[in-house]
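Novice: Can you read through this structure? Questions will come right after.
The values are calculated or read from the model by the stated rules, or taken from the named source; none is laboratory data. In this text the structure is predicted, and so the values were computed from the model without any measurement. With ideal geometry, Cβ positions are generated from the backbone for all residues, glycine too; neighbour counts draw on all protein chains shown. Each accessible area value is taken on the protein alone, full model and side chains, heavy atoms only, with ligands, DNA and RNA left out. Shrake-Rupley method; radii C 1.70, N 1.55, O 1.52, S 1.80 Å.
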Amino acid sequence: MYDAIVVGGRCGGAATAMLLARQGHKVLIVDQAKLPSDVRLSTHLIWHAGVDLLHKWGLLDAVKATNCPLLTSFSLDLGELVLRGQPPGTTVGAAIGPRRLALDKVLLDAALTAGAELRQGVTFEDVLKDGDRVTGIRGRLQDGSAFTAHARIVVGADGTHSRVARAVGAESYNEFPKEAGSYNLYSYFRGVELDGVEFFSRPERMIYAWETNDGRSVIGVIQPGRASRPAREDMGAHFQSELATLAPGLAARVQAGQRDDEWLSGAIGAFCRQAAGPGWCLVGDAGVTMDPITAAGISNALRDAELAATLIHEGLQGPASLDDSLATYQARRDAVSVPLQQFAQEMAKLAPPTEDVIKLFMALAGNQEQIDNYYGVFGQTVTPMAFFDPTNMARIFAPA
Ligand SMILES: Cc1cc2nc3c(=O)[nH]c(=O)nc-3n(C[C@H](O)[C@H](O)[C@H](O)COP(=O)(O)OP(=O)(O)OC[C@H]3O[C@@H](n4cnc5c(N)ncnc54)[C@H](O)[C@@H]3O)c2cc1C
């Protein structure tokens, strides 16, 4: 009998397991994958709020030690205007872009060091129940044999296609199909000189570049999910021609380097799911999947992990029950995640800027405090509500 079973051992799951195990709880992590392993569909950027959590948990040095630099310079090239700034209100004052092989391993090692157990090669199939209360999991090992384990709570950290969410019947809301979101085409490069995190906003496109581990950079082009996509054999030519036309300076730097991985591409639907019920809760993408255009998913997963682990700990300790303790989870998660999800979804349309948006960017020029606040929306240190609040808009437009 475990206190908690966590299904999924990557950023959301490993962090939740670590935080629970550090508080003395008996935790089992199961994952169908062999860990550590890479996640191919990810561009790895962890913004400031996520970096601050890694720092708070004492893990940032271990992530940096995977030969992954802190990223402290940020630029958004809007064509006629380049905004450079830093999210305010952070402890570390940096982002970081570790490959998932590196990040997930640091988190998982920390969970195991704290006393969590790991069973790999276990595919979760269903929950065990006593009435309507989840009491454990049923799964299958790689040799086909059955696996069962019991716990006071089952945490679904099994990603966007969460089978835990399906098994418990978690309701979905704020759903957006992938055609309403963005489509991302990217690869890894060596020998490309970058100035920290670079974004190039162009009509119906967003181009981005930043360093990951071992001097390799991830560089990509994002287009609307509704637009036609290149066939696999045309991806390289498509990427080169987009860069050459839309960001020729970056294209020249990419030409000077070498691509050292295959072309990767993807688009995902976005949604929120009911966060908790009797004996279960969801963290990370299983609970809220956002369009990747704002690179918010890992930071969200880490933040969910901290909130869920705090509430689970309170519920396991008593006097409040687990159900009472988790009753506030969805509202507290959504208060932060839903505005970020909506901001990402709006941005993912890659619609031509309206007059108001153009006026806003023009008004931001030269106003460093407000440029920093705008970066804070990405860094998750300023809420979209605070930045786009009419009072703040008036402050931005007044001097302009
Ligand atoms: C193209 C793209 C680019 C992205 N770029 C960024 C970025 O730059 N920055 C950022 O912050 N986010 C980015 N994201 C989002 C980010 O990858 C996710 O938010 C993050 O991986 C969520 O972590 P997680 O731990 O919740 O789930 P996952 O990382 O998906 O991990 C889920 C785990 O559950 C396991 N699992 C699944 N089903 C089962 C089962 N039935 N039984 C047992 N185990 C199971 C899997 O094996 C896996 O290990 C991107 C996403 C996409 C699609």
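Novice: Only one residue in Ala270, Ala351, Ala344, Ala305 is closer than 29 Å to His25 by Cβ and not basic (Lys, Arg). Which one?
Specialist: Within the list Ala270, Ala351, Ala344, Ala305, the selection yields Ala305.
Novice: Can you pull out every residue in the stretch 254-267 that is open to solvent by less than 20 Å² (accessible area, probe 1.4 Å) and more than 16 Å from the ligand (Cβ to nearest atom)?
Specialist: Val254, Gly257
Novice: Within the stretch 38-61, does at least one residue satisfy the condition of being under 21 Å from Val155 (Cα atoms), in the same structural domain as Leu326 (by TED's automatic domain parsing) and of a type in the set (D, E, K, R)? Talk me through it step by step, then tell me what you get.
Specialist: Step one: list which residues in the stretch 38-61 are under 21 Å from Val155 (Cα atoms), which gives 39, 50, 53-54, 57.
Right, trim to in the same structural domain as Leu326 (by TED's automatic domain parsing) and you get 39.
With the extra rule that they be of a type in the set (D, E, K, R), the set shrinks to none.
No, the stretch 38-61 has no match at all.
Novice: Let me ask another. Among the residues in the stretch 304-320, are any assigned by TED's automatic domain parsing to the domain that holds Leu20 and at positive phi?
Specialist: Looking for residues that are assigned by TED's automatic domain parsing to the domain that holds Leu20 and at positive phi, one finds at least one in the stretch 304-320, hence yes.
Novice: Report yes if Leu76 is among the aliphatic types (A, V, I, L, M), open to solvent by 10 Å² or more (accessible area, probe 1.4 Å) and assigned to a strand (DSSP E or B), otherwise no.
Specialist: Judged against the criteria, Leu76 is a match.
Novice: Just to be sure before I move on: is Asp52 within 23 Å of Tyr375 (Cα to Cα) and crowded, with 19+ Cβ neighbours inside 10 Å in the structure I sent?
Specialist: Judged against the criteria, Asp52 is a match.
Novice: Further, regarding this structure: Within the group Ala270, Ala309, Ala301, Ala295, which residue is touching a strand residue (DSSP E or B) at 6+ places or on another chain (Cβ under 7 Å) and within 16 Å of the ligand (Cβ to nearest atom)?
Specialist: Ala270
Novice: Let me ask something additional. For the stretch 129-225, list the strands (runs of 3 or more DSSP E) that sit wholly inside it and hold at least 1 residues that are modelled with pLDDT of 95 or more, of a type in the set (D, E, K, R) and under 30 Å from Arg333 (Cβ atoms); which are they?
Specialist: Fully inside the stretch 129-225 and qualifying: 133-141, 146-156, 172-176.
Novice: Starting from the stretch 225-236, take each residue that is under 19 Å from Gly269 (Cα atoms) and list its partners that are hydrophobic (A, V, I, L, M, F, W, C) and surrounded by 14 or more Cβ atoms within 10 Å (Cβ to Cβ), counting only C-beta distances under 6 angstrom and pairs at least six apart or across chains.
Specialist: That search, which allows pairs on different chains as well, returns Gly225/Ala267.
Novice: Which one of these is in contact with a Phe, Trp or Tyr (Cβ under 7 Å, 6 or more places away or on another chain) and part of a loop (DSSP other than H, G, I, E, B): Pro36, Pro87? Quick ask: steps written out before the conclusion?
Specialist: Values: Pro36 fails: in contact with a Phe, Trp or Tyr (Cβ under 7 Å, 6 or more places away or on another chain).
Just one listed residue meets the conditions, Pro87.
Novice: Moving on. Restricting attention to the stretch 147-154, does a residue exist that is away from the ligand (no atom under 11 Å from the Cβ), outside the structural domain of Lys34 (by TED's automatic domain parsing), more than 20 Å from Glu262 (Cβ to Cβ) and not aromatic (Phe, Trp, Tyr)? Show your work before the answer.
Specialist: At the first step, the residues of the stretch 147-154 found to be away from the ligand (no atom under 11 Å from the Cβ) are 148-154.
Now restrict to residues that are outside the structural domain of Lys34 (by TED's automatic domain parsing): none.
No: zero hits.
Novice: Right, Glu314: farther than 30 Å from Lys129 by Cβ, away from the ligand (no atom under 16 Å from the Cβ) and part of a helix (DSSP H, G or I) or not? Lay out the reasoning, then the answer.
Specialist: Values: farther than 30 Å from Lys129 by Cβ: no; away from the ligand (no atom under 16 Å from the Cβ): yes; part of a helix (DSSP H, G or I): yes.
So Glu314 does not fit the description; no.
Novice: Next question, about the same structure. Can you name the residue in the stretch 23-34 that is more than 7 Å from the ligand (Cβ to nearest atom) and not basic (Lys, Arg) and, of all such residues, is surrounded by the fewest Cβ atoms within 10 Å (Cβ to Cβ)?
Specialist: Step one: filter the stretch 23-34 for residues more than 7 Å from the ligand (Cβ to nearest atom), giving 23-29, 34.
With the extra rule that they be not basic (Lys, Arg), the set shrinks to 23-25, 27-29.
Numbers: Gln23: 17, Gly24: 13, His25: 23, Val27: 30, Leu28: 22, Ile29: 30.
So, considering only residues that are more than 7 Å from the ligand (Cβ to nearest atom) and not basic (Lys, Arg), the one surrounded by the fewest Cβ atoms within 10 Å (Cβ to Cβ) is Gly24.
Novice: Continuing with the same structure: Checking Leu250 against (1) touching a residue at least 60 places away in the same chain (Cβ under 8 Å); (2) over 28 Å from Ser337 (Cα atoms): exactly one of these is not met. Which one?
Specialist: Here Leu250 clears every test but (1).
Novice: Here are the criteria: (1) in contact (Cβ under 8 Å) with a residue 24 or more places away in the chain; (2) closer than 21 Å to Lys178 by Cα. Tell me which single one Gln380 does not satisfy.
Specialist: Among (1) in contact (Cβ under 8 Å) with a residue 24 or more places away in the chain; (2) closer than 21 Å to Lys178 by Cα, the lone unmet condition for Gln380 is (2).
Novice: Determine whether Ala111 is over 28 Å from Phe200 (Cα atoms) and in a helix (DSSP H, G or I).
Specialist: yes
Novice: Please go through the stretch 35-45 and pick out each residue that is more than 6 Å from the ligand (Cβ to nearest atom) and open to solvent by less than 20 Å² (accessible area, probe 1.4 Å).
Specialist: Scanning the stretch 35-45 gives a single hit, Leu35.
Novice: If you check Val283 against the conditions, is it outside the structural domain of Arg190 (by TED's automatic domain parsing), without any contact (Cβ under 8 Å) to a residue 60 or more places away in the chain and either within 8 Å of the ligand (Cβ to nearest atom) or buried (at least 23 other Cβ atoms within 10 Å of the Cβ) (or both)?
Specialist: no
Novice: Out of the stretch 362-383, which residues are assigned to a helix (DSSP H, G or I) and surrounded by 20 or more Cβ atoms within 10 Å (Cβ to Cβ)?
Specialist: Residues satisfying the conditions are Leu364, Gln370, Ile371, Asp372, Asn373, Tyr374, Tyr375, Gly376, Val377, Phe378, Gly379.
Novice: Here's a follow-up. Sort out which residues of the stretch 101-145 are away from the ligand (no atom under 13 Å from the Cβ) and farther than 21 Å from Asp3 by Cα, and write them in order of number.
Specialist: Listed by number, the residues that qualify are Ala102, Val106, Asp143, Gly144, Ser145.
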